1. What pairs come up if the first residue lies in region 407-419 and is more than 11 Å from residue 279 (Cα to Cα), the second is among the charged types (D, E, K, R) and surrounded by fewer than 16 Cβ atoms within 10 Å (Cβ to Cβ), and their beta carbons are under 8 Å apart, counting only those six or more places apart or on different chains?
2. If you take the residues of region 242-269 that are more than 19 Å from residue 287 (Cβ to Cβ) and among the charged types (D, E, K, R), which of them is surrounded by the most Cβ atoms within 10 Å (Cβ to Cβ)?
3. Out of region 270-288, which residues are open to solvent by 20 Å² or more (accessible area, probe 1.4 Å) and over 18 Å from residue 258 (Cβ atoms)?
4. Is at least one residue of region 145-160 surrounded by fewer than 20 Cβ atoms within 10 Å (Cβ to Cβ), among the hydroxyl-bearing types (Ser, Thr, Tyr) and in a helix (DSSP H, G or I)?
5. What's the number of the only condition in (1) in contact with a strand residue (DSSP E or B) (Cβ under 9 Å, 6 or more places away or on another chain); (2) within 17 Å of residue 248 (Cβ to Cβ); (3) hydroxyl-bearing (Ser, Thr, Tyr); (4) open to solvent by 70 Å² or more (accessible area, probe 1.4 Å) that residue 321 fails to meet?
6. From the list 391, 366, which residue is in a loop (DSSP other than H, G, I, E, B), modelled with pLDDT of 95 or more, farther than 21 Å from residue 164 by Cα and open to solvent by 20 Å² or more (accessible area, probe 1.4 Å)?
7. Where residues in region 226-280 are closer than 17 Å to residue 318 by Cα and among the charged types (D, E, K, R), which of them is nearest to the chain's Cα centre (by Cα)?
8. Which one is nearest to residue 115 (Cα to Cα), of the residues in region 125-138 that are assigned to a loop (DSSP other than H, G, I, E, B) and in contact with a strand residue (DSSP E or B) (Cβ under 9 Å, 6 or more places away or on another chain)?
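The values are calculated or read from the model by the stated rules, or taken from the named source; none is laboratory data. On a predicted model such as this, the values are computed, not experimentally measured, just so you know. Cβ atoms come from the backbone with ideal geometry, glycine included; neighbour counts cover every protein chain shown. Keep in mind that these areas ignore ligands, DNA and RNA; they rest on the heavy atoms of the full protein, side chains included. Shrake-Rupley method; radii C 1.70, N 1.55, O 1.52, S 1.80 Å.
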Amino acid sequence: MWATVAKHLLKSKVHSCVAHASLKVQRTAHLNAGLSLTFTRWQHRAGRDVDDQTDHSVMMIRNVQALDAERFVCIHWDEGGHSIYPYVWLRDNCQCPECFLLSAKARKLPIEDLDVNIGVKDVTLTKEQKVSITWPDKHQSEFDADWLKKRCFSKHAREEMLEELFEPEKQLWGCGLQIPTLNYESVLHNDQSAYNWLCALKKVGIVLLEGAPVKQGELVTLGKRIGYMRHTFYGYTWQVQDKIDANNVAYTSGKLSLHTDYPALQYPPGVQFLHCLKQAETGGESEMVDGFHICHKLREQNPKAFNILTSTQVDFTDIGTDYCDFSLQSKQRIIELDQNGGLLRINFNNATRDSVFDIPAEDVQPFYSSLKEFVNLMNKPENTLSFKMKPGQVVTFDNWRILHGRKKYQSGGDVSRHLEGSYLDWDVVMSRMRSLKRKLQSQT
């Protein structure tokens with residue numbers, strides 16, 4: 001039996017605006033109330049899956065049987081329903097010290113030593129509610145009921161496990177979003193706040209942290225709260241400010257069109273932090289768009305354009321010198337889908353889209369038409385969020401999903417606007433989120 005976070009972590013209503021509205025940032029107290037976690041107990045029932053709100057300490061098994069014809073062990077649960085487990089999977093996942101290194105939570109049994117057509121000699125239920133299996137070579141395995149229940153092969157159980165491990169649910173939004181907001185110091189020192197932050201970041205795609213020290217290098221502290229930052233050719237952190245002979249269009253005072261960062265990398269950074277150290281008096285407003293929301297709209301309005309952007313490989317390049325000299329080249333689909341056809345990542349930066357275009361000439365015009373429609377949807381007022389950061393604020397957002405830009409600002413002799421940025425990979429962020437979740441659950 002184990003706990004999961006309630007699906008409706010954020011219950012704020014997101015709606016599309018018809019007119020371009022100015023952002024009203026949600027205050028920390030309101031967000032904390034909206035993000036309070038409710039831990040619930042759950043279980044799966046093969047054939048009739050239901051959520052169980054009662055507090056069971058362990059799952060109970062009524063009986064077990066070997067189904068030799070199908071090569072399954074069938075477990076009948078005391079609560080009703082049953083689950084089936086293939087012989088080969090059970091042998092592969094034996095938890096004994098010979099087959100499994102508990103300290104590393106890693107399998108020791110080599111796949112080359114696994115008999116994929118294995119049978120069983122005996123299957124019994126112990127007094128301790130463990131499933132005991134004796135294999136033909138007399139090797140013995142024991143499995144806890146809870147451990148097995150979590151790994152049930154029913155469709156509902158697998159969907160629950162997917163959500164438990166990857167938190168796939170997304171909250172799509174337009175210009176009416178009130179950005180989830182948390183206190184910076186609370187995120188650094190309070191596990192519940194840190195967990196709320198990462199859950200909101202995964203679900204909504206953007207979270208604002210307020211009250212950070214206004215000093216360069218502070219993002220390193222925030223990065224260490226999660227794990228470690230992504231080192232790129234621009235360093236661990238980088239300074240977004242007006243520069244002479246800028247090696248990036250972001251280092252100018254002009255308008256930045258909506259984009260994702262670093263599609264010139266084969267594996268672009270998943271999460272981006274931007275810490276406001278100094279803000280321009282005139283201009284410099286940040287603009288954000290939920291790229292997944294735009295993808296849904298494009299697929300509804302123009303399926304052909306959506307198919308072109310999900311199938312055409314576009315060349316991206318980035319050449320220059322910063323942390324060291326670099327010459328990057330990649331091929332990316334503007335809209336990247338996962339193996340199930342779901343949205344995985346947006347790869348779009350018009351500044352680094354290469355003049356090299358490795359497609360047949362007759363496919364070029366349809367591609368440009370599709371891309372233009374995608375960009376036009378992004379720039380519609382009802383889809384674009386605009387706000388002006390203040391010194392001490394850190395905006396954290398999903399670089400695989402959120403397109404960001406900036407309005408032009410007035411630049412003088414001194415630095416008039418200064419943001420410090422850094423990246424993290426989603427693997428690192430999700431690792432910290434799962435660790436915090438386990439830690440908080442152990443305290444309940």
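1. 407/255; 408/255
2. Among residues in region 242-269 that are more than 19 Å from residue 287 (Cβ to Cβ) and among the charged types (D, E, K, R), the one surrounded by the most Cβ atoms within 10 Å (Cβ to Cβ) is 243.
3. Correct list: 277, 278, 279, 281, 282.
4. no
5. The single condition residue 321 does not satisfy is (1).
6. It is 391.
7. This residue is 261.
8. Checking each candidate, the answer is 135.
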